[in-house]
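Working notes for the structure below.
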Amino acid sequence: MASRGSRALAVGSEVEGQANILLVDDHPANLLALAAVLEPLGQRLVQVQSGEEALKALLKDDFAAILLDVQMPGLDGFETAKLIKAREKTRHVPLIFLTAIHREEAHILNGYAHGAVDYVVKPFDADILRTKVSVFVHLHEKTEALRRQEQLLRQRERSAGQAALKRVIESSPMGLAFTDEAGVLRDANDAFLRLVGYAREELERGELTWTQLSSTDASHREARRQLAEDGSTVPFELEYRRRDGSRVPVLVGSALLPEEQRTLTFVLDLTERRRADEALRQSETRYRLATLATSETIYDWEISTGHIHWNESLESVFGHKREGTQGPDIRAWEELIHPEDRARVARGLTQVISGEGTHWEDEYRLRRGDGSYARVLDRGYVAHDAVGRPVRMVGAMQDVSAARAREEQLRFLAEVSNLLNEGLDARATLERLAQRAVPSIADGCVVDLVLPAGQFKRVAAVHVEPERMRGVWELERRYPRGPEAKEPAAQVMRTGKSLWTGEVEEEHLRAFSGDELQLQLLRELDMRSFLCVPLRTRERVLGALTLVQGVSGRRFREADVHLAEDLARRAALAVDNANLYREAQEAVRSRDEFLSVASHELKTPLTPLMLKLQGLQRHVEALARDGANGHAEPAAEGSAALAERLRADLATSRSQVLKLSTLVDGLLDVTRIGAGRLRLDLEEVDLASVVREVAGRFSDQAVKARCELQLRLPEPAVGRWDRLRLDQVVTNLLSNALKYGAGSPVVLSVHVNAGEAHLRVQDAGIGIAPEHLARIFGMFERAVSERHYGGLGLGLYITQQIVLALGGRIDVTSSPNEGALFTVCLPLAGPAPEGPAPEPEAPAQG
């Protein structure tokens, strides 16, 4: 086999009288197949594997026809054709495009635009292709014969005169006609006259003209132009009107005979070729329609007879017998369609056959050979004859039963997932699950859970026949179940493995029973098929889901086990989430209870301790004043220094007690917020005044932090708020600004705009990283290390909750090392009214 870089390969040695046929395809296998198809023609086949090699071959030899593949590397078929047609020597060689890819009408038109005489789509009919090529070989042979005859004619005219020339012309099987310079038809051979149906006497009397044979159109004008410019025309097709009025397709070409001052026109009858083309068209149409349809059970329905030809999958897929390719005819096929679908399918077929499109598609139920019904997706394409009448429908039926069943299962699982996500009560969730499962996938559904002590408890039971539930609950009441129980659910919860039986027999019921009463109760359930799967999550078995079939006649299969296990996994996850939620709620309640008790217990000794420290501080300050005024005894003069030290120690102790009290108040506020008991005492409050008060209290702390407090309070900002809670918001924000912005100015500003008061607290401290901004308002959240900055991480959480309770909002903008800006916006009208007021409780104070 020649490689792609090899020279042209010629099949058959050059023999006198043989025509050359050029085969161009980059795949050797395709060349071999083409050679095998065309070998019976007995011509010399030249094979090349690229457009470049084809051009080289054309420089060397003359060819009767070129078969050119469209899709090739390098020069593709269209580019090669353009170069062939651009060369005078090769522009008239008939060119046939071959392709297995470009079937669209645009590509076919492009092929003809590049000078092709035909465009053949693979796979092709070998006989038809051979017939087409033989026509061009025959034409080439006749042209060559004509050329040789013309040469002989000139020789014989010079030697023997016109008599010899006439015998040559008459001996040609191709129609030949001669036209003078004025365009008048002067002579023709017998083959031409037989083709058009005229007698020689009529020709000689001038009764046969070109206009009688065909009307002048664009093809004639183009032929005259080619004849004038090139001395010959590219063969073109048209129809001649015969004398009897019938029409005959012909291939026509002309050449000037300058020495004789005549034009020779040759005419080839294309009737057989047209028949071959029509056969090819029908074959290609049938093939195209069959490939468009889903390739499972393929059919070809002859509409006029009602006969249907089926492929072998009619029997293998649907279980229907056929004889040869004959299976159920159209009437028998209609009887196989489910009665509920039959009328709709018939309407669709009638519409498409009556001319409303060429494509029909429907999905319906078709009875199988065993009596069951398959869900079928049917697609068909209608073929019409030359006058537009529907003659056949070719299509395919695909069994989509499994796909549709899976779609139903997925829809069911999606609905169940939504049900399972609707609440966090495990029992209510499982009851909804059981109600959804019946009757969609079972006649009955029972759900059992494993209790902490190892016992099993039934939490849900549903059946299509509610009266049968009496037996289910009676079994639960009479036969409490433990790890050693015999029934399927107990076995599944014990082993963690699914258990199912397609057909329940008496022996199964006895195996599940401990006595006759239990056996009788099981019989009353009418359990003909059962399926039990574990509710498993995180390597734990939480319970079991049991499905039963009875009155519906359905039976469980292995595919149902997978569905049930998937369903059980989702249910187990919902139960596990409900359990985790319950445990989390209990943990939160325990935490809040502990915080509340601990905060109150810590608050109890702090109050008298603070009062005692305040009293001691006043006493020490009085002693210090007496010593300073000279009223102290000489023996007590040395105590002045001691008093000063005591005053400093007391101030430190009081500061630490205040800090501890603030932490305890924060914990109390957290418990109140969590319980929804944050009380608000609303009154007319000036936010600017509150800011001045808080800033005054923090003046000493600002000095210690080396922070200059800048107040920008151009006007009052009066609104309906809780003064103490508002004080708490300003205190928390200013405290944070002094803590994290030490050594830089802190600016507090208040202004009113559009019915809102805006409080801004800005520092130039360490700032907050972008990844921390979203969480700093969370409980116990911190953006910095507790090793360098103290606190519990509650200040901003409490601040945000108070602002939200007052109907406002709080935002922060910050970047590392560029400080932070906290903005609080509060409606002047106060919070919107809500339901009943919360339980009264005084706000925490420091």
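The values are calculated or read from the model by the stated rules, or taken from the named source; none is laboratory data. Fair warning: this is a prediction, and the values are worked out from it, not measured in the lab. Ideal geometry is used to build each Cβ from the backbone, glycine not excepted, and the neighbour counts take in all protein chains shown. Quick note on the areas: whole protein, heavy atoms, side chains included, nothing else; ligands and nucleic acids left out. Shrake-Rupley method; radii C 1.70, N 1.55, O 1.52, S 1.80 Å.
Quick notes on this one:
- Residue in the range 106-117 that is out of contact with any His (no Cβ under 7 Å at 6 or more places or on another chain), open to solvent by less than 20 Å² (accessible area, probe 1.4 Å) and not hydroxyl-bearing (Ser, Thr, Tyr) present: yes
- If you go through the range 452-461 and keep only what is under 23 Å from GLN549 (Cβ atoms) and either of a type in the set (D, E, K, R) or more than 45 Å from the chain's Cα centre (by Cα) (or both), you end up with just ARG458.
- Which numbered condition VAL416 misses (of (1) at positive phi; (2) in the same structural domain as VAL561 (by the TED database)): (1)
- Within the range 124-147, considering residues that are of a type in the set (Val, Ile, Thr) and open to solvent by 40 Å² or more (accessible area, probe 1.4 Å), the one modelled with the highest pLDDT: THR131
- ARG528 being open to solvent by 50 Å² or more (accessible area, probe 1.4 Å) and either farther than 23 Å from ASN421 by Cα or touching a strand residue (DSSP E or B) at 6+ places or on another chain (Cβ under 9 Å) (or both): yes
- Filtering the range 738-748 to residues that are open to solvent by 20 Å² or more (accessible area, probe 1.4 Å) and not aliphatic (A, V, I, L, M) leaves LYS739, TYR740, GLY743, PRO745.
- Criterion: within 30 Å of VAL317 (Cα to Cα) and either outside any helix (DSSP H, G or I) or aliphatic (A, V, I, L, M) (or both) - qualifying residue of GLY423, GLY395: GLY395
- Some residue of the range 250-266 being open to solvent by 10 Å² or more (accessible area, probe 1.4 Å), at pLDDT 90 or above and among the aromatic types (Phe, Trp, Tyr): no
- Counting only strands (runs of 3 or more DSSP E) that sit wholly inside the range 436-509, not one has at least 3 residues that are at positive phi.
- LEU545, sole failed condition from (1) open to solvent by 10 Å² or more (accessible area, probe 1.4 Å); (2) outside any loop (DSSP other than H, G, I, E, B): (1)
- Here the condition is being closer than 15 Å to TRP721 by Cα, open to solvent by less than 50 Å² (accessible area, probe 1.4 Å), assigned to a loop (DSSP other than H, G, I, E, B) and modelled with pLDDT under 90; of PRO843, PRO833, it holds for PRO843 alone.
- Residues of the range 524-570 that turn out to be within 22 Å of GLU431 (Cβ to Cβ), touching a residue at least 40 places away in the same chain (Cβ under 8 Å) and among the small types (Gly, Ala, Ser), as a count: 5
- Candidates ARG720, ARG692, ARG725, ARG679 - the one that is surrounded by 18 or more Cβ atoms within 10 Å (Cβ to Cβ) and at negative phi: ARG725
- Residues (assigned to a helix (DSSP H, G or I) and open to solvent by less than 60 Å² (accessible area, probe 1.4 Å)) located in the range 307-342: SER313, LEU314, VAL317, PHE318, ILE330, ALA332, TRP333, LEU336, ASP341
- Complete set of residues in the range 168-186 that are surrounded by fewer than 13 Cβ atoms within 10 Å (Cβ to Cβ) and either assigned to a helix (DSSP H, G or I) or in contact with a Cys (Cβ under 8 Å, 6 or more places away or on another chain) (or both): GLU170, SER171
- Within the range 699-744, the set of residues being over 57 Å from the mean Cα position of the chain (by Cα) and within 22 Å of ILE810 (Cα to Cα) comprises LEU709, GLN710, LEU711, ARG712, LEU713, PRO714, GLU715, PRO716, VAL718, ARG723, LEU724.
- Of all residues in the range 187-233, those that are more than 18 Å from ASP244 (Cβ to Cβ), open to solvent by less than 60 Å² (accessible area, probe 1.4 Å) and of a type in the set (Val, Ile, Thr) total 1.
- Looking only at residues in the range 102-120 that are out of contact with any strand residue (DSSP E or B) (no Cβ under 8 Å at 6 or more places or on another chain) and part of a helix (DSSP H, G or I), the one that is nearest to PHE236 (Cα to Cα) is ALA113.
- Cβ-Cβ contacts under 6 Å between residues 6 or more apart (or on different chains), taken from a first residue in the range 509-520 that is free of Cβ contacts under 8 Å to residues at least 60 places away in the same chain to a second residue that is basic (Lys, Arg), are listed as PHE512/LYS486.
- Looking only at residues in the range 343-379 that are open to solvent by 50 Å² or more (accessible area, probe 1.4 Å) and among the hydroxyl-bearing types (Ser, Thr, Tyr), the one that is nearest to ARG404 (Cα to Cα) is TYR373.
- Test result for PRO466, surrounded by fewer than 17 Cβ atoms within 10 Å (Cβ to Cβ) and more than 23 Å from GLU516 (Cβ to Cβ): yes
- Total residues in the range 462-485 satisfying the condition of being of a type outside the set (Asp, Glu) and farther than 21 Å from GLN549 by Cβ: the figure is 8.
- Selection status of ARG591, modelled with pLDDT under 80, open to solvent by 80 Å² or more (accessible area, probe 1.4 Å) and among the charged types (D, E, K, R): yes
- One residue stands out in the range 400-435 among those that are touching a Leu at 6+ places or on another chain (Cβ under 6 Å) and not aliphatic (A, V, I, L, M): the one that is nearest to ALA374 (Cα to Cα), namely GLN409.
- Matching option when the condition is more than 24 Å from HIS562 (Cβ to Cβ) and aliphatic (A, V, I, L, M), among ALA414, ALA434, ALA428: ALA428
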